[in-house]
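Here the structure comes first, spelled out in structure tokens, and everything after it is commentary.
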Amino acid sequence: MMAFAPLSEEDAQSIFRPYYDGLALMAKSDIFYDFDTTARRAFTGSLAGAFAKYENWNGKDEDFRACYTKAFEPIIKAEEDRNQMFKVLTLEGDPNETSLANLRLAKQLADLYLITVSKRTWKTILGSGQAAQ
């Protein structure tokens, strides 16, 4: 989390508010109330906020796929695997998966990207001497 400390409140909120909403919705889901789809959309929103901040995504739906590819190509090497994972980020999710599986994969993508960004950001902070301040 220290890697995200320099973020403005607005930037942090666009990334972490949906992320924490997703966690809360996951905790609320049970046999009687299914919040899996809503939670998946929250994690997708978190990823979108992070893309806007760190990948210069312009917010247009048609450009999201290119931003996703640019962000995950170094992490998920095989295009087929990236394509499979991308399905969970679409509006309806992967129709071949359960809502819980779609939620799990969307959270994992958000986690993976945020960890990657935090590692990259922390190296920048350490290199600039900002961490000592």
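The values are calculated or read from the model by the stated rules, or taken from the named source; none is laboratory data. Quantities reported herein were computed from a predicted structural model and do not represent experimental measurements. Backbone-built Cβ (ideal geometry, glycine too); neighbour counts: all protein chains shown.
Okay, residues lined up against (1) β-branched (Val, Ile, Thr); (2) closer than 20 Å to ALA101 by Cβ; (3) modelled with pLDDT of 95 or more; (4) in contact with a Ser or Thr (Cβ under 7 Å, 6 or more places away or on another chain):
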position	(1), (2), (3), (4)
ASP11	no, no, no, no
TYR19	no, yes, yes, yes
ALA42	no, yes, yes, no
SER46	no, yes, yes, no
GLY49	no, no, yes, yes
ASP61	no, no, no, no
TYR68	no, yes, yes, no
PHE72	no, yes, yes, no
Sole exception among (1) of a type in the set (A, V, I, L, M); (2) over 15 Å from the mean Cα position of the chain (by Cα); (3) closer than 24 Å to THR121 by Cβ for ALA78, by number
(3)
Select from segment 1-18 the residues that are part of a helix (DSSP H, G or I) and polar (S, T, N, Q) and write down the one among them that is farthest from VAL88 (Cα to Cα).
GLN13
Determine whether segment 31-40 contains at least one residue that is in contact with a Gly (Cβ under 7 Å, 6 or more places away or on another chain), among the hydrophobic types (A, V, I, L, M, F, W, C) and modelled with pLDDT of 95 or more.
yes
Please work out which one of (1) within 17 Å of LEU103 (Cα to Cα); (2) touching a helix residue (DSSP H, G or I) at 6+ places or on another chain (Cβ under 6 Å) is the condition LEU23 fails and give its number.
(2)
Output the residue which, of all residues in segment 8-18 that are touching a residue at least 12 places away in the same chain (Cβ under 8 Å) and touching a Phe, Trp or Tyr at 6+ places or on another chain (Cβ under 9 Å), is surrounded by the most Cβ atoms within 10 Å (Cβ to Cβ).
ILE15
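Got at least one residue in segment 113-126 being under 19 Å from PRO18 (Cα atoms), touching a Lys or Arg at 6+ places or on another chain (Cβ under 8 Å) and not basic (Lys, Arg)?
No, there is no match, as no residue in segment 113-126 is under 19 Å from PRO18 (Cα atoms), touching a Lys or Arg at 6+ places or on another chain (Cβ under 8 Å) and not basic (Lys, Arg).
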Among residues of segment 26-40, those that are among the basic types (Lys, Arg) and either touching a Lys or Arg at 6+ places or on another chain (Cβ under 6 Å) or under 14 Å from ASN102 (Cα atoms) (or both), counted
1
